[in-house]
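The values are calculated or read from the model by the stated rules, or taken from the named source; none is laboratory data. Please read all numbers here as calculations on a predicted model, not as lab measurements. Because the Cβ atoms are built from the backbone with ideal geometry, glycine has one as well, and the counts that use them run over all protein chains shown. Quick note on the areas: whole protein, heavy atoms, side chains included, nothing else; ligands and nucleic acids left out. Shrake-Rupley method; radii C 1.70, N 1.55, O 1.52, S 1.80 Å.
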Amino acid sequence: MSSIELVGLTKRFGDLIAVKDLDLMIEDKEFVAILGPSGCGKTTTMNMIAGIEHPTAGQVLFDGVEVQNVSARRRGVGFVFQNYAIFTHISVYKNLSFGLEVTGVPAGEIERRVADMAKLVRLTHRLEWRSSRLNVNELQRLALGRSAILGPQIFLLDEPLSNLDAAFRAEMRTELKHLQHQLQQTMVYVTHDQLEAMSMADHIAIMDLGVLQQFGTPLEVYNKPANLFVANFMGSPSMNLLPCRITDEGGEVVLDFGAGGRLMVEDESLLALCKKAARQDLVYGVRPENVTLRRGEKEGRGLSLGVNFVERIGARSIVHLGETDHEIKVLEGNQSPTKVGETLDAVAHAGASHLFDAQTGVAIR
Amino acid sequence: MKSHLTLANGVRYAVILIAVIAALFPVAWMATMAFKPVAEWTTTVQDLTWLPKEPTFGNYEFIFFGTSDQLIVSLDRSATGPIFASLVTASLGTLIAVVAGTLGAYGVSRFGVGKNLPLGVLQLRLFPPLAVLIPVMIMWAFLGMIDTWWGLSLIYGIVTLPFAFWLMMTFFDEVPREIEEAALVEGCSPWRVFYRVTLPMVKAALATTILFVFILNWSDYVIALLLTRKDWVTIPVYMNALTSAMTGQMYGAKAALGLIAVIPPVILGIIIQKHLVRGLTFGALKQ
C-alpha cells in the first residue's frame with residue numbers, strides 16, 4: 001500500500017510561486033502523469049514528493065502519514081531523473097548495486113538482485129562496462145534499473161523519455177507500463193508530452209503556472225476539458241477555439257463569430273450549454289476531428305469558410321480555414337480532395353461542441 | 001599523399017621551433033651545467049661549451065657534503081635540510097589548501113552559503129602576498145612560528161587556499177545536482193554523497209588542483225625568505241645563498257640543486273598525468 005496525497009502543497013522560490021495550493025490524491029498502484037508545459041511546476045511537485053525540495057506550505061502524505069519532515073533518503077521512493085543522473089565514474093554493475101550497498105544489503109543478495117535487474121532492463125552484457133560508455137537508450141534503462149532495484153513502493157519519473165529517439169521512446173512507453181504492472185508500484189510520471197501521458201497514465205494531472213488545471217482519466221481530460229488551458233493543451237492538432245457572442249434572434253439561439261460568421265444553434269447538447277451560459281462573451285470549442293467539411297449544402301448549418309492551407313501529414317490531412325482570428329483546423333483523410341481557395345461549410349458533429357466562459361476560461365457544463 | 005609544406009606551414013613551424021627553443025634552452029643549459037666542473041661554468045665566452053667536457057658530480061658533492069675538491073670554499077649547510085624542508089612545507093601547505101578549499105568550495109557551490117565569500121576569498125589573491133607579509137611575519141614571530149615547519153606550512157596553505165577554492169568551486173558547479181539528488185533518494189547521507197559520488201566525479205579536477213597548488217608552494221621564495229631563518233630554509237632560499245665572496249655566484253651548484261628541485265613536480269605531474277590528459281569531462285548528463 002502506498003498512496004500519495006498532496007494537501008494544499010505550495011512552493012515558493014523567492015517571489016516566484018512554483019506550485020500553488022495543490023491538492024492531489026494518487027491511489028495505490030496507480031500510474032499518474034503530471035502533464036504541463038515547462039515551468040508549470042511539475043518537476044517541483046515531484047521533488048517535493050521525493051523530499052528533494054521542502055514545501056513552503058501544505059502536506060505530503062504517504063498512506064495517510066505525513067512525510068514532509070522525513071528526509072529524502074528515508075522516504076523509500078525511486079526517482080528517475082530527466083538526465084538520468086548516472087554515476088559515470090563507476091561501472092554499470094556498481095551503479096545498480098549502489099543503492100543496495102548504501103542501505104546495507106548483504107553481498108550475496110546484492111549480486112542476485114543486480115543480476116535480476118540487469119536482465120529486466122537488458123543490460124546483462126554491459127555489467128562490467130564503465131557506465132560512461134553506454135548509449136542514451138542504455139543509460140535510460142540503467143537509470144530505471146538503478147531506481148527500481150531498491151524496490152520502492154513509489155516510483156517517480158521526471159521526463160525519462162525526453163532524450164530518447166522517437167522509435168525507442170515508443171518502445172519504452174510500452175515497457176514502462178509493463179514494468180509498472182510487474183513491480184506493482186505507484187508511479188508518478190512527469191512529462192510535457194501528452195502522447196506519453198495519454199498512452200500510459202491511469203489518471204492525468206494537468207498543471208499550468210503552478211496550478212492544477214484538471215485531474216482525470218486520459219479520456220476525461222481529452223473529451224471534457226475543464227477550462228481553456230486544458231482544451232488548448234490536450235490534443236494535436238489542438239482544439240479549435242473561437243471567441244463568440246451568444247444572441248437571441250426571435251427565439252433562436254445564435255452564436256455570433258463576428259467576421260467569422262454566425263451559427264444558428266441546432267445541436268441539442270450545444271443548445272443546453274448555451275442556456276447555462278451566464279455571460280454573453282464565450283469561447284466556442286470543437287476538436288478538429290469532430291468537424292466535417294461540406295460542399296454545396298444549404299447555408300446556415302455550419303460556418304462558411306475559405307480554405308487557406310492543406311497540411312498533409314501522412315495518415316491525415318489538416319485543413320486550415322478562415323481568417324487569423326477565426327482560423328479553424330479540420331482533420332480529413334489522407335486522400336482529402338480539399339484544395340486551397342475553396343469555400344466550404346464547416347459543420348461540427350452533434351454533441352462535440354464545447355463552450356467556455358471567455359472571461360474565466362472555465363468550461364460550461 | 002603529398003606533404004603540405006607550404007609557406008604558411010613553414011612559418012608556423014618556424015615560430016613553434018623558436019618558442020620551443022626559448023622554453024627549453026634554459027632548462028637544457030641548467031641540466032648540462034649541473035655536471036660541469038667549476039672551470040667550465042666560470043669560463044669566458046670563447047670556451048663556452050654546451051656539453052660538459054669533463055662531466056663531474058662535483059656540484060652535487062658540494063651541495064650535499066659541503067666541500068668539493070674543485071672548490072676552495074665550503075658550505076656550512078648541505079642541501080639535504082632545505083630539500084626536506086621544501087618537501088614537508090610544500091606538501092603540508094598543499095594539503096591544508098586543498099582540503100579546506102575543497103570543503104569550502106563544496107559548501108558554497110551546493111548550499112550557497114555566503115554569497116560574497118567566493119569574491120572575498122579571491123580578493124586574497126588580488127594583492128601580492130608580499131603586501132601582507134610583514135604583518136604576517138610579526139604575527140608569526142609573536143606566535144613563535146618563525147622558522148618552524150608548521151608556521152611555513154600554515155602560511156602556504158593560507159596563501160594558496162583561494163586557488164584551490166576557486167578551482168574546486170568551478171568544478172563542483174559543473175557536477176549536476178541531479179547526480180547527488182539521485183544518490184540522496186537512494187539512501188545516502190549528505191556526507192556519503194560527497195565522498196562516494198561527488199568527490200570521485202571531480203577526481204581529475206582534484207588532481208589538477210593538487211598539482212597547481214603544490215607547484216605554487218614549491219616555487220615560493222619570498223614567504224620562505226621572510227619566515228625562515230635556519231632550520232626550515234627551503235630550496236629557493238637556500239639556492240640564493242649559494243654564493244661566496246670569493247667565487248661570486250656558484251652557478252654549477254645552483255644548477256645541480258635546480259635539477260633536483262624539478263624532480264618532485266615532474267613526478268607529481270607524471271602520477272596525475274592520466275587525469276590531466278583525460279581532461280575534465282563530467283559526462284553524466286545529456287545536456
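Measure off, as a whole percent, the carbon and sulfur share of the 1.4 Å-probe accessible area of region B:80-241, all protein chains present. Kindly include the intermediate steps, with their values, before the conclusion.
Working: 5440 of 7290 Å².
Carbon plus sulfur share of accessible area: 75 percent.
Show log10 I(q)/I(0) for chain B at q = 0.16 Å⁻¹, two decimals, from a solvent-free Debye sum over equal Cα scatterers.
With no solvent term, the Cα-only Debye profile gives -1.22.
With a 1.4 Å probe on protein heavy atoms only, work out how much accessible surface A and B bury together, total over both chains, in Å² to the nearest 100.
Details: alone 17200 and 16720 Å², together 31750 Å².
Looking at A and B, the buried total is near 2200 Å².
Sorting B:Y221, A:Y84 by accessible area (1.4 Å probe), largest first, what list results?
On the way: B:Y221 75, A:Y84 5 Å².
Order by accessible area, largest first: B:Y221, A:Y84.
I need the shape label for region B:7-65. Rule: rounded when a/c is under 1.5, else prolate if a/b > b/c, else oblate, with a, b, c from the alpha carbon gyration tensor. Provide the component values of the computation, followed by the final result.
Details: a/c = 4.36, a/b = 2.47, b/c = 1.77.
Prolate shape, in that a/c is at least 1.5 and a/b is the bigger ratio.
Averaged across B:188-197, how many Cβ atoms of other chains sit within 10 Å of each residue's Cβ atom?
Working: counts 7, 3, 3, 0, 2, 2, 0, 0, 5, 5.
Taking all residues of B:188-197 together, the mean is 3.
Which of rounded, prolate, oblate describes region A:123-164, given a ≥ b ≥ c as roots of the alpha-carbon gyration tensor eigenvalues and a/c under 1.5 marking rounded, otherwise prolate only if a/b is larger than b/c? Intermediate results must be reported in sequence, preceding the final value.
On the way: a/c = 3.14, a/b = 1.32, b/c = 2.37.
Oblate, since a/c reaches 1.5 and b/c is not below a/b.
Ignoring any ligand, DNA or RNA, what whole percent of the accessible area of region B:7-65 comes from carbon and sulfur when the probe is 1.4 angstrom?
On the way: 3090 of 4070 Å².
C and S fraction of accessible area: 76 percent.
Can you give the average number of partner chain beta-carbon atoms within 10 Å of each beta-carbon in peptide B:174-181, as a whole number? Intermediate values should be presented prior to the final figure.
Numbers: counts 0, 0, 4, 3, 9, 8, 2, 9.
Average neighbour count from other chains, rounded to a whole number: 4.
Calculate, for the protein assembly as shown, the solvent-accessible area per residue in square angstrom, rolling a 1.4 angstrom probe over the heavy atoms of the protein chains.
Working: 31750 Å² over 652 residues.
Heavy-atom SASA per residue in the protein assembly as shown reads 49 Å².
Using the scaling law 2.2 N^0.38 Å as the reference, what is the normalised Cα Rg of region A:59-172?
Values: Rg = 14.8 Å, N = 114, 2.2 N^0.38 = 13.3 Å.
Normalised Rg, Cα atoms only: 1.11.
With a 1.4 Å probe on protein heavy atoms only, tell me which residues of region A:97-115 lose at least 40 Å² of accessible surface in the complex relative to the chain by itself.
Buried by the other chains: A:F98, A:V102.
At 1.4 Å probe size, with the rest of the protein present, what percent of the exposed accessible area of chain A is carbon and sulfur atoms? Could the numbers behind the result be given before it?
Numbers: 8090 of 16110 Å².
Whole-percent figure for carbon plus sulfur exposure: 50.
Based on the mean of other Cβ atoms within 10 Å per residue, sort peptides A:58-71, A:349-362, B:20-33 so the most packed one is first.
Values: A:58-71: 14.6, A:349-362: 16.3, B:20-33: 12.6.
In descending order of packing, they fall as A:349-362, A:58-71, B:20-33.
So how much accessible area does B:C188 have, in Å² to the nearest 10, using a 1.4 Å probe?
Roughly 0 Å² of B:C188 is accessible to a 1.4 Å probe.
As a test, work out the antiparallel percent of DSSP beta bridges whose residues both lie in chain A, rounded to the nearest 5.
Details: 59 of 77 bridges.
Here the antiparallel bridges make up roughly 75 percent for chain A.
Reported to two decimal places, what Rg/Rh ratio describes region B:80-241 when computed on Cα atoms with Rh from the Kirkwood expression?
Values: Rg = 17.8 Å, Rh = 16.9 Å.
Reported Rg/Rh (Cα atoms, Kirkwood Rh): 1.06.
What translational diffusion coefficient, in µm²/s and rounded to a whole number, does the Stokes-Einstein relation yield for chain A at 25 °C and a viscosity of 0.890 mPa s, taking the hydrodynamic radius as the Kirkwood radius over Cα pairs? Before the final figure, lay out the partial values.
Details: Rh = 23.1 Å.
Approximately 106 µm²/s, per Stokes-Einstein.
Where the only charges are on Cβ atoms (+1 Lys, Arg; -1 Asp, Glu), what is the dipole of the protein assembly as shown about its Cα centre, to the nearest 20 debye? The partial results should precede the final answer.
Working: 55 positive and 60 negative charges, 381 e Å.
Dipole of the protein assembly as shown, to the nearest 20 debye: 1820 debye.
Select from region A:26-66 all residues whose loss of accessible area on going from the chain by itself to the full protein assembly reaches 30 Å² or more (probe 1.4 Å).
The answer is A:I52.
With n ≥ 4 as the cut-off for DSSP H runs, can you work out [θ] at 222 nm for the protein assembly as shown, using -39500 (n - 2.57) per run divided by the number of residues, rounded to the nearest 500? List each step's numbers first, then the result.
Working: 21 runs with 279 residues, N = 652.
Result for the protein assembly as shown: -13500 deg cm²/dmol, rounded to the nearest 500.
Using the alpha-carbon centroid of each, what span in Å lies between region A:1-39 and region A:205-238?
If you average the Cα positions of each part, the centres end up 15 Å apart.
Any idea how far apart B:E54 and A:A278 come out in nm if each label point goes 7 Å out from Cα toward Cβ?
11.2
Could you rank B:R12, B:R192 by how accessible they are, 1.4 Å probe, largest area first?
Numbers: B:R12 140, B:R192 70 Å².
The most accessible residue leads, giving B:R12, B:R192.
Select from chain B the helices, each a whole stretch of DSSP H, whose alpha-carbon atoms run 18 Å or more along the helix axis and whose Kyte-Doolittle mean is at least -0.5; answer none if there are none.
Numbers: long enough: B:7-33 (37 Å, 1.78); B:80-111 (46 Å, 1.28); B:129-142 (19 Å, 2.22); B:149-174 (36 Å, 1.14); B:203-218 (22 Å, 1.62); B:251-278 (39 Å, 1.33).
Span-like helices, by this rule, are B:7-33, B:80-111, B:129-142, B:149-174, B:203-218, B:251-278.
For chain B, set up a Gaussian network in which alpha carbons nearer than 10 Å are linked by springs, and say which option among B:A90, B:A182, B:A261 fluctuates the most.
In this elastic network of chain B, the residue with the biggest mean-square fluctuation among B:A90, B:A182, B:A261 is B:A182.
Roughly how far apart, in whole Å, are the Cα centres of region A:279-357 and region B:87-102?
Using only Cα atoms to place each centre, the spacing works out to 74 Å.
Measure off 7 Å from each Cα along the Cα-to-Cβ vector at A:D21 and B:L143, then give the distance between these two points in nanometres to one decimal.
With each label point 7 Å from Cα toward Cβ, the separation is 5.8 nm.
Could you please put B:L122, A:L263, A:L9 in sequence from largest to smallest accessible area, using a 1.4 Å probe?
On the way: B:L122 60, A:L263 20, A:L9 0 Å².
Ranked from most to least accessible, the order is B:L122, A:L263, A:L9.
State whether the protein assembly as shown is rounded, prolate or oblate according to the following rule on the C-alpha gyration tensor (a ≥ b ≥ c being the square roots of its eigenvalues): a/c under 1.5 gives rounded; otherwise a/b larger than b/c gives prolate, and the remaining case gives oblate. Intermediate values should be presented prior to the final figure.
Numbers: a/c = 3.04, a/b = 2.49, b/c = 1.22.
Note, shape of the protein assembly as shown comes out prolate.
In chain A, with Lys and Arg counted as +1 and Asp and Glu as -1 at Cβ, which of these residues, A:G260, A:V32, A:A272, has the Cα nearest the positive end of the dipole, that is, farthest along it?
A:V32
For a quick check: with amide H placed at 1.01 Å from N, whose amide H comes under 5 Å from A:E342's, ignoring anything fewer than 5 positions away on the same chain?
So A:E342 has HN proximity to A:V307.
Could you check the spin-label model distance between A:L61 and A:D325? Points 7 Å from the Cα along Cα→Cβ, value in nm.
So the two model labels end up 5.0 nm from each other.
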